[in-house]
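Step one of this worksheet: look at the structure below.
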(Lines give C-alpha, C1' and ligand atoms only; values in the text may rest on other atoms or scores of the structure.)
Protein backbone atom coordinates (compact mmCIF):
# COMPACT_ATOMS: atom_id res chain seq x y z
CA UNK A 1 0.00 0.00 0.00
CA UNK A 2 1.44 3.38 -0.98
CA UNK A 3 2.36 5.82 1.75
CA UNK A 4 -0.43 8.25 2.59
CA UNK A 5 -3.17 5.90 1.38
CA UNK A 6 -5.67 4.54 3.85
CA UNK A 7 -6.52 1.62 1.58
CA UNK A 8 -5.99 0.88 -2.07
CA UNK A 9 -8.42 1.80 -4.81
CA UNK A 10 -9.14 -1.84 -5.50
CA UNK A 11 -10.41 -2.16 -1.95
CA UNK A 12 -13.00 0.58 -2.35
CA UNK A 13 -16.45 -1.00 -2.61
CA UNK A 14 -19.44 0.50 -4.39
CA UNK A 15 -22.09 -0.72 -1.95
CA UNK A 16 -23.77 2.09 -0.05
CA UNK A 17 -24.47 2.32 3.68
CA UNK A 18 -28.09 3.10 4.58
CA UNK A 19 -28.68 6.20 6.70
CA UNK A 20 -31.62 4.51 8.45
CA UNK A 21 -34.02 6.92 6.74
CA UNK A 22 -35.71 5.80 3.54
CA UNK A 23 -36.26 9.40 2.46
CA UNK A 24 -32.63 10.43 3.00
CA UNK A 25 -31.40 7.30 1.21
CA UNK A 26 -33.61 8.31 -1.73
CA UNK A 27 -32.14 11.83 -1.74
CA UNK A 28 -28.61 10.37 -1.72
CA UNK A 29 -29.35 7.86 -4.43
CA UNK A 30 -28.94 4.85 -2.16
CA UNK A 31 -27.18 6.01 0.99
CA UNK A 32 -23.69 6.96 2.15
CA UNK A 33 -20.34 5.76 0.85
CA UNK A 34 -18.83 3.43 3.48
CA UNK A 35 -15.73 4.20 5.55
CA UNK A 36 -16.12 7.96 5.31
CA UNK A 37 -16.78 10.80 7.73
CA UNK A 38 -20.00 12.80 7.44
CA UNK A 39 -21.33 15.88 9.19
CA UNK A 40 -24.97 16.38 10.28
CA UNK A 41 -25.34 20.01 11.32
CA UNK A 42 -28.30 21.98 12.63
CA UNK A 43 -29.56 24.11 15.47
CA UNK A 44 -30.83 22.41 18.64
CA UNK A 45 -34.22 20.78 18.07
CA UNK A 46 -33.78 20.01 14.38
CA UNK A 47 -33.58 16.23 14.87
CA UNK A 48 -29.85 15.48 14.68
CA UNK A 49 -29.81 13.03 17.59
CA UNK A 50 -32.88 11.22 16.26
CA UNK A 51 -31.53 10.68 12.76
CA UNK A 52 -28.14 9.68 14.21
CA UNK A 53 -29.85 6.99 16.28
CA UNK A 54 -31.68 5.81 13.15
CA UNK A 55 -28.29 5.44 11.46
CA UNK A 56 -27.00 3.25 14.29
CA UNK A 57 -30.21 1.21 14.64
CA UNK A 58 -29.99 0.37 10.95
CA UNK A 59 -26.54 -1.04 11.62
CA UNK A 60 -27.85 -3.07 14.56
CA UNK A 61 -30.51 -4.61 12.29
CA UNK A 62 -27.73 -5.65 9.91
CA UNK A 63 -25.75 -7.27 12.73
CA UNK A 64 -23.04 -4.61 12.82
CA UNK A 65 -21.19 -3.24 15.84
CA UNK A 66 -22.14 0.39 16.43
CA UNK A 67 -20.90 3.04 18.85
CA UNK A 68 -22.45 6.28 20.11
CA UNK A 69 -19.88 8.66 21.60
CA UNK A 70 -21.59 11.42 23.55
CA UNK A 71 -20.01 14.53 24.99
CA UNK A 72 -23.26 16.47 25.32
CA UNK A 73 -26.09 14.10 26.32
CA UNK A 74 -26.23 11.61 29.13
CA UNK A 75 -27.08 7.95 28.80
CA UNK A 76 -30.42 8.60 30.50
CA UNK A 77 -31.31 11.37 28.04
CA UNK A 78 -30.51 9.17 25.05
CA UNK A 79 -32.53 6.30 26.52
CA UNK A 80 -35.50 8.64 26.92
CA UNK A 81 -35.24 9.81 23.29
CA UNK A 82 -35.18 6.20 22.14
CA UNK A 83 -38.15 5.27 24.34
CA UNK A 84 -40.27 8.14 22.97
CA UNK A 85 -39.69 6.77 19.47
CA UNK A 86 -40.50 3.21 20.46
CA UNK A 87 -36.88 2.07 20.23
CA UNK A 88 -34.48 0.37 22.58
CA UNK A 89 -30.76 1.00 22.75
CA UNK A 90 -30.00 -2.71 22.78
CA UNK A 91 -27.08 -3.35 20.48
CA UNK A 92 -25.82 0.25 20.62
CA UNK A 93 -22.63 0.75 22.64
CA UNK A 94 -22.91 4.07 24.47
CA UNK A 95 -19.66 5.76 25.42
CA UNK A 96 -20.43 8.67 27.71
CA UNK A 97 -17.76 11.34 28.06
CA UNK A 98 -19.93 13.71 30.07
CA UNK A 99 -18.13 14.58 33.33
CA UNK A 100 -19.81 13.31 36.49
CA UNK A 101 -21.88 15.75 38.53
CA UNK A 102 -19.22 15.89 41.23
CA UNK A 103 -16.77 17.36 38.74
CA UNK A 104 -19.01 20.40 38.44
CA UNK A 105 -18.50 21.30 42.09
CA UNK A 106 -16.89 24.78 42.21
CA UNK A 107 -14.67 23.68 45.07
CA UNK A 108 -13.15 20.95 42.86
CA UNK A 109 -12.70 23.24 39.85
CA UNK A 110 -8.94 23.51 40.11
CA UNK A 111 -8.60 19.74 40.11
CA UNK A 112 -10.55 19.10 36.93
CA UNK A 113 -9.51 21.95 34.64
CA UNK A 114 -6.48 21.32 32.47
CA UNK A 115 -4.74 23.21 29.70
CA UNK A 116 -6.66 22.86 26.45
CA UNK A 117 -4.05 20.70 24.76
CA UNK A 118 -3.95 18.20 27.61
CA UNK A 119 -7.71 17.97 28.09
CA UNK A 120 -8.41 17.65 24.35
CA UNK A 121 -5.79 14.94 23.94
CA UNK A 122 -7.16 12.99 26.88
CA UNK A 123 -10.68 13.12 25.44
CA UNK A 124 -9.71 11.95 21.97
CA UNK A 125 -7.42 9.25 23.35
CA UNK A 126 -10.35 7.83 25.30
CA UNK A 127 -12.36 7.70 22.07
CA UNK A 128 -9.49 6.01 20.21
CA UNK A 129 -9.15 3.37 22.93
CA UNK A 130 -12.88 2.63 22.90
CA UNK A 131 -13.00 2.31 19.12
CA UNK A 132 -9.92 0.09 19.06
CA UNK A 133 -11.48 -2.21 21.66
CA UNK A 134 -14.95 -2.42 20.05
CA UNK A 135 -13.97 -2.19 16.36
CA UNK A 136 -17.36 -0.77 15.26
CA UNK A 137 -18.45 -0.28 11.67
CA UNK A 138 -20.67 2.72 12.49
CA UNK A 139 -19.89 5.55 14.91
CA UNK A 140 -21.80 8.68 15.91
CA UNK A 141 -19.83 11.48 17.59
CA UNK A 142 -22.12 13.85 19.54
CA UNK A 143 -21.15 16.61 19.41
CA UNK A 144 -18.40 18.69 17.89
CA UNK A 145 -19.47 21.76 19.84
CA UNK A 146 -17.91 20.35 22.99
CA UNK A 147 -14.79 19.36 21.05
CA UNK A 148 -14.57 22.90 19.72
CA UNK A 149 -14.78 24.29 23.24
CA UNK A 150 -12.02 21.98 24.41
CA UNK A 151 -9.77 22.99 21.51
CA UNK A 152 -10.26 26.74 22.18
CA UNK A 153 -8.76 27.74 18.81
CA UNK A 154 -9.49 26.80 15.20
CA UNK A 155 -6.04 25.38 14.43
CA UNK A 156 -6.10 22.89 17.30
CA UNK A 157 -9.73 22.03 16.53
CA UNK A 158 -9.09 21.37 12.82
CA UNK A 159 -6.03 19.29 13.61
CA UNK A 160 -8.02 17.14 16.04
CA UNK A 161 -10.88 16.58 13.56
CA UNK A 162 -8.35 15.52 10.93
CA UNK A 163 -6.87 13.07 13.41
CA UNK A 164 -10.34 11.62 14.01
CA UNK A 165 -10.94 11.33 10.27
CA UNK A 166 -7.76 9.38 9.56
CA UNK A 167 -8.15 7.21 12.63
CA UNK A 168 -11.69 6.11 11.73
CA UNK A 169 -10.93 5.68 8.03
CA UNK A 170 -8.02 3.36 8.81
CA UNK A 171 -10.44 1.13 10.68
CA UNK A 172 -13.01 0.96 7.87
CA UNK A 173 -15.56 2.83 9.94
CA UNK A 174 -18.42 5.07 8.74
CA UNK A 175 -18.66 8.07 11.06
CA UNK A 176 -21.39 10.67 11.57
CA UNK A 177 -20.37 13.85 13.39
CA UNK A 178 -23.08 16.03 14.94
CA UNK A 179 -22.71 19.80 15.23
CA UNK A 180 -25.29 22.18 16.71
CA UNK A 181 -23.82 25.24 14.95
CA UNK A 182 -23.01 26.93 18.25
CA UNK A 183 -20.10 28.86 16.75
CA UNK A 184 -20.83 32.34 15.49
CA UNK A 185 -19.37 31.72 12.04
CA UNK A 186 -20.01 28.96 9.57
CA UNK A 187 -17.45 26.20 10.07
CA UNK A 188 -16.24 25.86 6.47
CA UNK A 189 -13.07 24.16 7.67
CA UNK A 190 -15.15 21.29 8.97
CA UNK A 191 -17.07 21.18 5.67
CA UNK A 192 -13.85 20.76 3.74
CA UNK A 193 -12.65 17.90 5.94
CA UNK A 194 -15.82 15.81 5.85
CA UNK A 195 -16.80 13.61 2.91
CA UNK A 196 -20.38 14.87 3.08
CA UNK A 197 -22.36 17.58 4.86
CA UNK A 198 -26.10 17.48 5.60
CA UNK A 199 -27.89 20.48 7.07
CA UNK A 200 -31.12 20.30 9.10
CA UNK A 201 -33.27 23.40 9.68
CA UNK A 202 -36.32 24.37 11.71
CA UNK A 203 -38.40 27.36 10.61
CA UNK A 204 -40.87 29.15 12.89
CA UNK A 205 -43.95 30.50 11.09
CA UNK A 206 -46.32 33.26 12.17
CA UNK A 207 -49.08 30.67 12.55
CA UNK A 208 -49.19 26.91 12.68
CA UNK A 209 -46.57 24.32 13.40
CA UNK A 210 -42.91 24.87 12.63
CA UNK A 211 -41.53 23.65 9.32
CA UNK A 212 -38.48 21.42 9.14
CA UNK A 213 -36.34 20.87 6.09
CA UNK A 214 -33.11 19.11 5.19
CA UNK A 215 -30.49 19.86 2.54
CA UNK A 216 -27.44 17.99 1.33
CA UNK A 217 -24.77 20.68 1.10
CA UNK A 218 -21.97 18.42 -0.10
CA UNK A 219 -21.46 14.75 -0.91
CA UNK A 220 -18.26 13.76 -2.69
CA UNK A 221 -18.66 11.37 -5.58
CA UNK A 222 -22.43 10.99 -5.15
CA UNK A 223 -25.08 12.39 -7.42
CA UNK A 224 -27.75 13.52 -4.98
CA UNK A 225 -31.06 15.36 -5.21
CA UNK A 226 -30.24 18.95 -4.35
CA UNK A 227 -32.35 21.64 -2.75
CA UNK A 228 -34.51 21.63 0.34
CA UNK A 229 -36.61 18.64 1.34
CA UNK A 230 -39.35 18.87 3.96
CA UNK A 231 -39.35 16.49 6.90
CA UNK A 232 -41.23 15.88 10.13
CA UNK A 233 -40.27 14.25 13.41
CA UNK A 234 -42.79 11.58 14.37
CA UNK A 235 -42.75 8.56 16.62
CA UNK A 236 -40.32 6.24 14.90
CA UNK A 237 -37.90 8.88 13.67
CA UNK A 238 -37.58 11.43 10.90
CA UNK A 239 -39.97 11.20 7.96
CA UNK A 240 -38.16 12.89 5.09
CA UNK A 241 -40.05 13.79 1.93
CA UNK A 242 -37.66 14.02 -1.03
CA UNK A 243 -38.38 16.91 -3.35
CA UNK A 244 -40.47 15.69 -6.26
CA UNK A 245 -38.71 15.76 -9.62
CA UNK A 246 -41.20 14.85 -12.33
CA UNK A 247 -38.50 14.02 -14.88
CA UNK A 248 -37.57 10.96 -12.81
CA UNK A 249 -41.01 9.39 -13.20
CA UNK A 250 -42.34 8.25 -16.57
CA UNK A 251 -45.08 5.69 -17.21
CA UNK A 252 -46.58 4.56 -20.50
CA UNK A 253 -50.35 4.91 -20.68
CA UNK A 254 -53.17 5.35 -23.18
CA UNK A 255 -54.38 8.94 -23.31
CA UNK A 256 -58.01 8.06 -23.96
CA UNK A 257 -60.75 10.31 -22.53
CA UNK A 258 -62.36 9.38 -19.23
CA UNK A 259 -66.17 9.74 -19.29
CA UNK A 260 -67.82 11.80 -16.58
CA UNK A 261 -70.98 9.72 -16.28
CA UNK A 262 -73.07 12.64 -17.58
CA UNK A 263 -73.85 12.52 -21.31
CA UNK A 264 -74.28 16.29 -21.70
CA UNK A 265 -71.08 17.04 -19.81
CA UNK A 266 -69.19 14.50 -21.93
CA UNK A 267 -70.57 16.26 -25.01
CA UNK A 268 -69.30 19.61 -23.76
CA UNK A 269 -65.85 18.10 -23.09
CA UNK A 270 -65.59 16.29 -26.40
CA UNK A 271 -65.87 12.88 -24.78
CA UNK A 272 -64.40 13.58 -21.36
CA UNK A 273 -61.05 14.57 -19.87
CA UNK A 274 -58.08 12.66 -21.26
CA UNK A 275 -55.88 10.58 -18.98
CA UNK A 276 -52.67 12.29 -18.02
CA UNK A 277 -54.22 15.75 -18.14
CA UNK A 278 -55.64 18.08 -15.53
CA UNK A 279 -58.75 20.23 -15.38
CA UNK A 280 -59.31 23.43 -13.42
CA UNK A 281 -62.81 24.10 -12.08
CA UNK A 282 -63.07 27.82 -11.40
CA UNK A 283 -65.98 29.80 -10.00
CA UNK A 284 -67.50 31.50 -6.98
CA UNK A 285 -68.16 29.89 -3.63
CA UNK A 286 -71.08 27.46 -3.63
CA UNK A 287 -71.50 27.40 -7.39
CA UNK A 288 -71.01 23.61 -7.56
CA UNK A 289 -67.30 23.05 -8.20
CA UNK A 290 -66.88 20.38 -5.53
CA UNK A 291 -70.07 18.61 -6.58
CA UNK A 292 -68.85 18.56 -10.16
CA UNK A 293 -65.52 17.12 -9.01
CA UNK A 294 -67.34 14.40 -7.06
CA UNK A 295 -69.13 13.48 -10.28
CA UNK A 296 -65.77 12.76 -11.92
CA UNK A 297 -64.58 10.73 -8.92
CA UNK A 298 -67.77 8.65 -8.80
CA UNK A 299 -67.56 8.00 -12.54
CA UNK A 300 -64.06 6.60 -11.98
CA UNK A 301 -65.39 4.39 -9.17
CA UNK A 302 -68.10 3.08 -11.51
CA UNK A 303 -65.35 2.07 -13.96
CA UNK A 304 -63.61 0.14 -11.18
CA UNK A 305 -60.85 2.72 -10.75
CA UNK A 306 -59.59 4.32 -7.57
CA UNK A 307 -60.00 8.03 -6.85
CA UNK A 308 -58.63 10.16 -4.01
CA UNK A 309 -60.14 13.46 -2.89
CA UNK A 310 -57.90 15.87 -0.91
CA UNK A 311 -60.12 18.34 0.98
CA UNK A 312 -58.38 21.50 2.20
CA UNK A 313 -61.45 23.64 2.90
CA UNK A 314 -64.42 21.49 3.88
CA UNK A 315 -64.80 18.77 6.47
CA UNK A 316 -65.41 15.21 5.37
CA UNK A 317 -68.87 15.26 6.95
CA UNK A 318 -69.86 18.26 4.83
CA UNK A 319 -68.74 16.53 1.64
CA UNK A 320 -70.54 13.31 2.50
CA UNK A 321 -73.72 15.18 3.48
CA UNK A 322 -73.80 17.14 0.24
CA UNK A 323 -73.29 13.98 -1.80
CA UNK A 324 -76.23 12.37 -0.02
CA UNK A 325 -78.42 15.42 -0.73
CA UNK A 326 -77.54 15.21 -4.43
CA UNK A 327 -78.26 11.49 -4.60
CA UNK A 328 -74.61 10.62 -5.25
CA UNK A 329 -73.59 7.10 -4.10
CA UNK A 330 -70.48 8.38 -2.31
CA UNK A 331 -71.07 6.32 0.83
CA UNK A 332 -71.07 3.08 -1.17
CA UNK A 333 -67.91 4.07 -3.04
CA UNK A 334 -66.15 4.89 0.24
CA UNK A 335 -67.19 1.58 1.78
CA UNK A 336 -65.93 -0.30 -1.27
CA UNK A 337 -62.58 1.51 -1.13
CA UNK A 338 -63.06 2.98 -4.61
CA UNK A 339 -62.86 6.57 -3.32
CA UNK A 340 -60.76 7.88 -0.45
CA UNK A 341 -61.52 11.23 1.17
CA UNK A 342 -58.58 12.77 3.01
CA UNK A 343 -58.92 15.86 5.17
CA UNK A 344 -55.88 18.14 4.88
CA UNK A 345 -54.88 20.70 7.49
CA UNK A 346 -52.47 23.02 5.65
CA UNK A 347 -51.40 24.70 8.90
CA UNK A 348 -49.86 21.38 9.96
CA UNK A 349 -48.75 20.10 6.57
CA UNK A 350 -45.74 21.12 4.50
CA UNK A 351 -45.86 21.19 0.68
CA UNK A 352 -43.34 18.36 0.53
CA UNK A 353 -45.44 16.14 2.78
CA UNK A 354 -48.53 16.81 0.69
CA UNK A 355 -46.70 15.95 -2.54
CA UNK A 356 -45.45 12.74 -0.90
CA UNK A 357 -49.03 11.87 0.07
CA UNK A 358 -50.25 12.38 -3.48
CA UNK A 359 -47.41 10.27 -4.82
CA UNK A 360 -48.22 7.46 -2.37
CA UNK A 361 -51.87 7.55 -3.45
CA UNK A 362 -50.81 7.03 -7.05
CA UNK A 363 -47.97 4.54 -6.67
CA UNK A 364 -49.19 2.58 -3.66
CA UNK A 365 -52.99 2.81 -3.93
CA UNK A 366 -53.28 3.06 -7.72
CA UNK A 367 -55.35 6.26 -7.82
CA UNK A 368 -56.36 7.26 -11.35
CA UNK A 369 -58.32 10.38 -10.38
CA UNK A 370 -56.87 12.96 -7.96
CA UNK A 371 -59.01 15.88 -6.76
CA UNK A 372 -57.41 18.85 -4.97
CA UNK A 373 -60.10 20.95 -3.29
CA UNK A 374 -59.06 23.66 -3.25
CA UNK A 375 -55.99 25.56 -4.38
CA UNK A 376 -57.17 28.50 -2.26
CA UNK A 377 -56.85 26.49 0.91
CA UNK A 378 -53.51 25.10 -0.21
CA UNK A 379 -52.03 28.49 -1.03
CA UNK A 380 -53.64 30.77 1.55
CA UNK A 381 -52.79 28.55 4.50
CA UNK A 382 -49.08 28.63 3.62
CA UNK A 383 -48.30 32.28 2.88
CA UNK A 384 -44.72 31.91 4.11
CA UNK A 385 -43.95 29.17 1.64
CA UNK A 386 -42.32 30.45 -1.54
CA UNK A 387 -42.51 28.91 -4.97
CA UNK A 388 -45.73 27.01 -4.27
CA UNK A 389 -46.82 27.48 -7.87
CA UNK A 390 -43.59 25.90 -9.09
CA UNK A 391 -44.14 22.99 -6.71
CA UNK A 392 -47.69 22.59 -8.02
CA UNK A 393 -46.34 22.62 -11.58
CA UNK A 394 -43.94 19.80 -10.70
CA UNK A 395 -46.73 17.83 -9.02
CA UNK A 396 -49.08 18.22 -12.00
CA UNK A 397 -46.33 17.18 -14.39
CA UNK A 398 -45.66 14.08 -12.30
CA UNK A 399 -49.36 13.15 -12.21
CA UNK A 400 -49.65 13.68 -15.94
CA UNK A 401 -46.70 11.39 -16.63
CA UNK A 402 -48.38 8.71 -14.48
CA UNK A 403 -51.55 8.85 -16.59
CA UNK A 404 -53.57 10.32 -13.71
CA UNK A 405 -56.49 12.68 -14.33
CA UNK A 406 -56.20 15.60 -11.92
CA UNK A 407 -59.05 17.91 -10.90
CA UNK A 408 -58.08 21.28 -9.42
CA UNK A 409 -60.64 23.55 -7.76
CA UNK A 410 -60.11 27.30 -7.49
CA UNK A 411 -62.63 29.68 -5.91
CA UNK A 412 -62.97 33.20 -7.27
CA UNK A 413 -63.64 36.24 -5.13
CA UNK A 414 -67.25 37.40 -5.29
CA UNK A 415 -70.54 35.76 -6.22
CA UNK A 416 -72.11 37.73 -9.07
CA UNK A 417 -70.87 40.44 -11.38
CA UNK A 418 -67.14 40.95 -12.04
CA UNK A 419 -65.07 38.35 -10.20
CA UNK A 420 -61.39 38.25 -9.32
CA UNK A 421 -59.11 35.22 -9.31
CA UNK A 422 -56.63 35.02 -6.41
CA UNK A 423 -53.91 33.63 -8.68
CA UNK A 424 -53.35 32.81 -12.31
CA UNK A 425 -52.91 29.07 -12.59
CA UNK A 426 -54.84 28.56 -15.82
CA UNK A 427 -51.57 28.27 -17.77
CA UNK A 428 -50.86 25.05 -15.85
CA UNK A 429 -54.24 23.54 -16.71
CA UNK A 430 -55.03 21.41 -19.75
CA UNK A 431 -58.75 22.14 -19.42
CA UNK A 432 -60.64 24.95 -17.71
CA UNK A 433 -64.30 24.69 -16.75
CA UNK A 434 -65.85 27.95 -15.63
CA UNK A 435 -68.91 28.04 -13.40
CA UNK A 436 -70.74 31.31 -12.78
CA UNK A 437 -73.80 32.65 -11.06
CA UNK A 438 -76.16 34.82 -13.08
CA UNK A 439 -79.46 36.49 -12.30
CA UNK A 440 -82.56 35.95 -14.40
CA UNK A 441 -86.27 36.07 -13.75
CA UNK A 442 -85.85 37.10 -10.14
CA UNK A 443 -83.63 34.16 -9.19
CA UNK A 444 -79.93 33.33 -9.07
CA UNK A 445 -78.90 30.58 -11.46
CA UNK A 446 -75.72 28.75 -12.42
CA UNK A 447 -73.97 28.47 -15.77
CA UNK A 448 -71.16 26.21 -16.98
CA UNK A 449 -68.81 26.47 -19.93
CA UNK A 450 -65.63 24.74 -21.10
CA UNK A 451 -63.39 27.70 -21.91
CA UNK A 452 -60.19 25.76 -22.63
CA UNK A 453 -59.16 22.23 -23.55
CA UNK A 454 -55.74 21.53 -25.03
CA UNK A 455 -56.02 17.87 -25.92
CA UNK A 456 -59.16 17.81 -28.09
CA UNK A 457 -62.07 19.78 -29.47
CA UNK A 458 -64.79 20.82 -27.08
CA UNK A 459 -68.12 22.57 -27.07
CA UNK A 460 -67.89 26.34 -26.85
CA UNK A 461 -71.39 26.90 -25.54
CA UNK A 462 -72.66 28.11 -22.20
CA UNK A 463 -75.21 25.88 -20.50
CA UNK A 464 -77.30 26.24 -17.40
CA UNK A 465 -75.98 24.05 -14.61
CA UNK A 466 -78.13 22.83 -11.74
CA UNK A 467 -77.70 20.64 -8.68
CA UNK A 468 -80.69 18.30 -8.40
CA UNK A 469 -81.70 15.45 -6.09
CA UNK A 470 -80.41 13.08 -8.78
CA UNK A 471 -77.02 14.76 -9.25
CA UNK A 472 -75.86 17.44 -11.63
CA UNK A 473 -77.94 18.39 -14.68
CA UNK A 474 -77.09 20.50 -17.71
CA UNK A 475 -79.55 22.39 -19.83
CA UNK A 476 -79.27 23.06 -23.57
CA UNK A 477 -76.97 25.86 -24.80
CA UNK A 478 -78.17 29.30 -23.72
CA UNK A 479 -78.12 30.68 -27.25
CA UNK A 480 -80.69 33.38 -26.53
CA UNK A 481 -78.59 35.13 -23.88
CA UNK A 482 -75.51 37.29 -23.87
CA UNK A 483 -73.42 38.52 -20.97
CA UNK A 484 -74.07 35.49 -18.77
CA UNK A 485 -70.51 35.41 -17.41
CA UNK A 486 -70.81 39.07 -16.51
CA UNK A 487 -73.54 38.06 -14.05
CA UNK A 488 -76.23 40.24 -15.67
CA UNK A 489 -77.36 38.49 -18.87
CA UNK A 490 -79.42 40.09 -21.60
CA UNK A 491 -82.22 38.05 -23.18
CA UNK A 492 -81.99 38.30 -26.99
CA UNK A 493 -84.40 35.52 -27.94
CA UNK A 494 -87.48 35.75 -30.12
CA UNK A 495 -89.12 32.58 -28.82
CA UNK A 496 -89.92 30.91 -25.55
CA UNK A 497 -87.20 29.25 -23.58
CA UNK A 498 -86.74 25.48 -23.49
CA UNK A 499 -87.51 23.82 -20.20
CA UNK A 500 -86.91 20.60 -18.35
CA UNK A 501 -89.30 18.82 -16.07
CA UNK A 502 -88.18 16.50 -13.27
CA UNK A 503 -91.00 14.29 -12.05
CA UNK A 504 -90.59 12.27 -8.89
CA UNK A 505 -89.08 8.88 -9.58
CA UNK A 506 -88.88 9.34 -13.33
CA UNK A 507 -85.66 11.30 -13.80
CA UNK A 508 -85.19 14.16 -16.25
CA UNK A 509 -87.47 14.74 -19.22
CA UNK A 510 -86.58 17.59 -21.53
CA UNK A 511 -89.28 19.55 -23.36
CA UNK A 512 -87.43 20.92 -26.33
CA UNK A 513 -90.45 22.33 -28.18
CA UNK A 514 -90.00 26.12 -28.21
CA UNK A 515 -93.76 26.64 -28.10
CA UNK A 516 -94.05 25.33 -24.53
CA UNK A 517 -93.14 27.10 -21.29
CA UNK A 518 -93.08 25.72 -17.76
CA UNK A 519 -94.74 28.22 -15.38
CA UNK A 520 -96.39 28.33 -11.96
CA UNK A 521 -100.16 28.38 -11.80
CA UNK A 522 -101.81 29.65 -8.64
CA UNK A 523 -98.60 30.46 -6.74
CA UNK A 524 -95.05 29.20 -6.37
CA UNK A 525 -96.01 25.76 -5.03
CA UNK A 526 -94.08 23.42 -7.32
CA UNK A 527 -96.96 20.96 -7.30
CA UNK A 528 -99.05 23.58 -9.15
CA UNK A 529 -96.65 24.24 -12.02
CA UNK A 530 -97.78 23.19 -15.50
CA UNK A 531 -97.05 23.72 -19.20
CA UNK A 532 -98.45 26.74 -21.05
CA UNK A 533 -98.54 27.38 -24.76
CA UNK A 534 -97.01 30.56 -26.05
CA UNK A 535 -100.34 31.65 -27.50
CA UNK A 536 -101.75 31.78 -23.96
CA UNK A 537 -99.10 34.25 -22.78
CA UNK A 538 -98.24 37.85 -23.45
CA UNK A 539 -94.92 38.28 -25.24
CA UNK A 540 -93.66 40.73 -22.61
CA UNK A 541 -93.77 38.00 -19.96
CA UNK A 542 -91.29 35.69 -21.67
CA UNK A 543 -88.08 37.17 -20.17
CA UNK A 544 -89.35 36.45 -16.64
CA UNK A 545 -89.90 32.75 -17.29
CA UNK A 546 -87.62 30.26 -15.56
CA UNK A 547 -85.13 28.61 -17.89
CA UNK A 548 -85.99 25.23 -16.40
CA UNK A 549 -87.32 23.97 -13.12
CA UNK A 550 -88.13 20.75 -11.36
CA UNK A 551 -91.00 19.45 -9.26
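The values are calculated or read from the model by the stated rules, or taken from the named source; none is laboratory data. As the structure is a computational prediction, the values presented were derived from the model and not from experiment. Note that each Cβ is placed from the backbone with ideal geometry, even for glycine, and that neighbours are counted across all protein chains shown.
Restricting to the range 344-381, count the residues that are in contact with a strand residue (DSSP E or B) (Cβ under 9 Å, 6 or more places away or on another chain) and over 21 Å from residue 240 (Cα atoms). Number of matching residues: 12.
Taken together, 483, 475 contain a single residue that is surrounded by fewer than 19 Cβ atoms within 10 Å (Cβ to Cβ) and at pLDDT 80 or above, which is 483. Here residue 229 fulfils each of the conditions (1) surrounded by 16 or more Cβ atoms within 10 Å (Cβ to Cβ); (2) over 11 Å from residue 27 (Cβ atoms) apart from (2). Out of all the residues in the range 283-293, is one or more outside any strand (DSSP E or B), in contact (Cβ under 8 Å) with a residue 60 or more places away in the chain, closer than 30 Å to residue 27 by Cα and not assigned by TED's automatic domain parsing to the domain that holds residue 205? The answer is no; no qualifying residue exists. Entry remark, the range 438-452: residues being part of a strand (DSSP E or B) and more than 24 Å from residue 270 (Cα to Cα) number 6 in total. Here the condition is being closer than 20 Å to residue 92 by Cβ, surrounded by 18 or more Cβ atoms within 10 Å (Cβ to Cβ) and under 40 Å from the mean Cα position of the chain (by Cα); of 131, 140, 127, it holds for 140 alone.
Quick check on this structure: which one of 255, 261, 304 is touching a helix residue (DSSP H, G or I) at 6+ places or on another chain (Cβ under 8 Å) and assigned to a loop (DSSP other than H, G, I, E, B)? First the steps, then the outcome.
Values: 255 fails: touching a helix residue (DSSP H, G or I) at 6+ places or on another chain (Cβ under 8 Å); 304 fails: touching a helix residue (DSSP H, G or I) at 6+ places or on another chain (Cβ under 8 Å).
Just a single option satisfies the conditions, and that option is 261.
So in the range 27-49, with the set limited to residues that are touching a helix residue (DSSP H, G or I) at 6+ places or on another chain (Cβ under 7 Å) and not in a loop (DSSP other than H, G, I, E, B), which one is farthest from residue 83 (Cα to Cα)? Once the filter is applied, the top-ranked residue is 37.
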